[in-house]
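First comes the structure, then the notes that go with it.
Since every read-out is calculated from the coordinates, none of them should be taken as a lab result. Because the structure is predicted, anything quoted here is derived from the model rather than measured. Glycine gets a Cβ as well: all are built from the backbone with ideal geometry, and neighbour counts include every protein chain shown.
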Amino acid sequence: MIKILISTLLIYMVSSLPATVLRAAPATPGTISGNADKGEALYYNHGCYACHGYNGIGKHNIANDVSGIMMSEAVYLIFLRARSELNPPLPTQRMPHYSKTSLPDHEALDIYAHIRTFKDTPPEAESNATMQAIINSAQSQAPQ
Ligand code: HEC
């Protein structure tokens, strides 16, 4: 009971922070105890990629350590579990429930390790001839 109350409080505190505060949270990512290779398969099998993309860039970005929730294994687990165990206190229902029965802790932590490998490093426009041609064309047509 106490555990559930603490979880609820923590989730409430995290979820009520504006996105900008979470993004600006001290970027000192915590321990990674899972196996990222196993996590890669689990990330696909549990459908995370459908919303978070193959590399964390999707409808909801979780690459480049931008997520305050991803800064700690403990907070991440509470985030996943709160949805199913606490009749979710989070403001939206867009992310599905992941209970311990469908996604045990050790598998969830493997996924965590995989997500923490996500780095979004798009190439510079100058290194892509087509992109550069589009930029040149747009600049040449821009009003002076
Ligand atoms: C149907 C779409 C969907 C699926 C599938 C999904 N998510 Fe999410 N996820 C979201 C949305 C939307 C949010 C933003 C919070 C919310 O609205 O619930 C989110 C938020 C998150 C966050 C917090 C990011 C932040 O903003 O700090 C993490 C971590 C996360 N998801 C991990 C996962 C993992 C791991 C899986 C697979 C086991 C998964 N998600 C599957 C839609 C999804």
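Counting Lys and Arg as +1 and Asp and Glu as -1 over every other residue whose Cβ lies under 14 Å from the Cβ of Glu73, the net charge comes to -2. Just to confirm a number: summing +1 for Lys and Arg and -1 for Asp and Glu over residues other than Asn35 whose beta-carbon lies under 11 angstrom from that of Asn35, what do you get? Neighbourhood net charge equals -3.
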